[in-house]
Amino acid sequence: MNKELRLSVSKTKTFIDCQKKYHFAYILKLPRKEFSFHTFGKFCHKVLEDFHIAYINGCEEPYNVTMTKCFKDAVEIYKNDMTSEMKRDCREIIAKYLKLVSEDNSVKKVFACEKTFELNVDNKIILNGMIDRLQIDDDNVLHVCDYKTTKNKQYIKNDWFQLLTYAYVLLCENPTLEKVRGSYILLRHNFEYITAEFSRDQILEVKDKYIKYADTILSETNFDPNPTPLCDYCDFLDSCEDGKLKTNKSVVYGPINW
């Protein structure tokens, strides 16, 4: 490998899921669609980010006062993209979260939100991204959290690649870590946690995985498609004949010549 490759969790998973989508997104750099679920996720992330950052910075206002302000600020930012239904759904989610943190006082455990990183891996890869939330739990274990707004939580279970990546970044920053706790926090499922603990050895394995993925990406020339039912939600469906066939988007019904 003669050059550094910029990779992130989403970029790598795109290549794993569908090489053609990777080609469209990161090589041809075709315009992306903005689906409503993207906007909804950004909105919820913004509210929670601003809420926790306020208390990290020493805010002493009651939680409900701060949360109300953060929600209104997010509405102002996304007012042209959010439907009334989306706002209602997010308001319900945030209300549940406010009740939870008021009961367990977990706000005090959080010490960072939307932590960005750019890590050089063996002068071969620039690994970059953003971590939603970091906290120190009562047992003094570093806990990395990622918010998920998906309605279907099945695809998340046993897929620890994202959290292991974040754990690897944290281990590189603090080589004394012996384990890291990771959780997906399901916003649409009453803030259910899907949690695992990663040992030092498990975390270090991520480095080799990224190097192998980078080698494969740089040597790839065909970028073959992998059509699945998820093609319906692909940014590049209009440019992909294989995806259209999978979703029946290319079927044209014309007049019948009897």
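The table for this structure:
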{"quantity": "Shape call, segment 134-258: gyration tensor on alpha carbons, a/c limit 1.5", "calculated": "oblate"}
{"quantity": "Potential extension, residue 215-residue 103 segment - 0.36 nm per residue separation minus Cα distance", "calculated": "35.5 nm"}
{"quantity": "For the chain, built as a Gaussian network whose Cα springs stay under 10 Å, the top-fluctuating residue of 186, 170, 237", "calculated": "237"}
{"quantity": "Percent antiparallel among DSSP beta bridges (both partners in the chain, rounded to 5)", "calculated": "70 percent"}
{"quantity": "Mean-position separation - Cα centroids, segment 207-252 and segment 64-127, in angstrom", "calculated": "30 Å"}
{"quantity": "Segment 1-146: C-alpha gyration tensor shape, a/c 1.5 cut-off, then a/b vs b/c", "calculated": "oblate"}
{"quantity": "Cα gyration tensor shape for the chain, rounded if a/c is under 1.5, else prolate or oblate", "calculated": "oblate"}
{"quantity": "Listed residue pairs exceeding 32 Å between alpha carbons, taken from 20/157; 96/179; 20/153; 29/212", "calculated": "none"}
{"quantity": "With every protein chain in place, segment 101-191: carbon and sulfur % of accessible area (1.4 Å)", "calculated": "44 percent"}
{"quantity": "Sequence-separation-based contact order of segment 1-131, relative, with Cα cut under 8 Å and 6+ spacing, percent", "calculated": "36 percent"}
{"quantity": "R0 of 51 Å, Cβ-Cβ distance residue 136-residue 242: FRET efficiency to nearest 0.05", "calculated": "0.60"}
{"quantity": "Backbone HN-Hα couplings from phi across segment 99-106 [Karplus 6.51/-1.76/1.60, Hz, Gly and Pro as x]", "calculated": "5, 5, 6, 6, 7, 9, 6, 5"}
{"quantity": "In Hz, Karplus ³J(HN,Hα) per residue of segment 193-200 (6.51, -1.76, 1.60; θ = phi - 60°; x = Gly, Pro)", "calculated": "9, 9, 10, 9, 10, 10, 6, 4"}
{"quantity": "Nonlocal amide H pairs with residue 129, under 5 Å, H built at 1.01 Å", "calculated": "117"}
{"quantity": "Heavy atoms of residue 16 accessible to a 1.4 Å probe, total area in Å² rounded to 10", "calculated": "80 Å²"}
{"quantity": "Residue-wise HN-Hα coupling along segment 144-157, computed from phi with Karplus coefficients 6.51, -1.76, 1.60 (Hz; x: Gly, Pro)", "calculated": "9, 10, 10, 6, 10, 9, 5, 7, 9, 8, 5, 6, 7, 4"}
{"quantity": "Accessible area expressed per residue, the chain, with surrounding protein chains retained (probe 1.4 Å, Å²)", "calculated": "57 Å²"}
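The values are calculated or read from the model by the stated rules, or taken from the named source; none is laboratory data. None of the values given here were measured: they were computed from a predicted structure. All Cβ positions, even for glycine, are placed from backbone atoms using ideal geometry, and neighbour counts span all protein chains on display. For the accessible areas, the whole protein counts, side chains as well, though only heavy atoms, and no ligand, DNA or RNA atoms are used. Shrake-Rupley method; radii C 1.70, N 1.55, O 1.52, S 1.80 Å.
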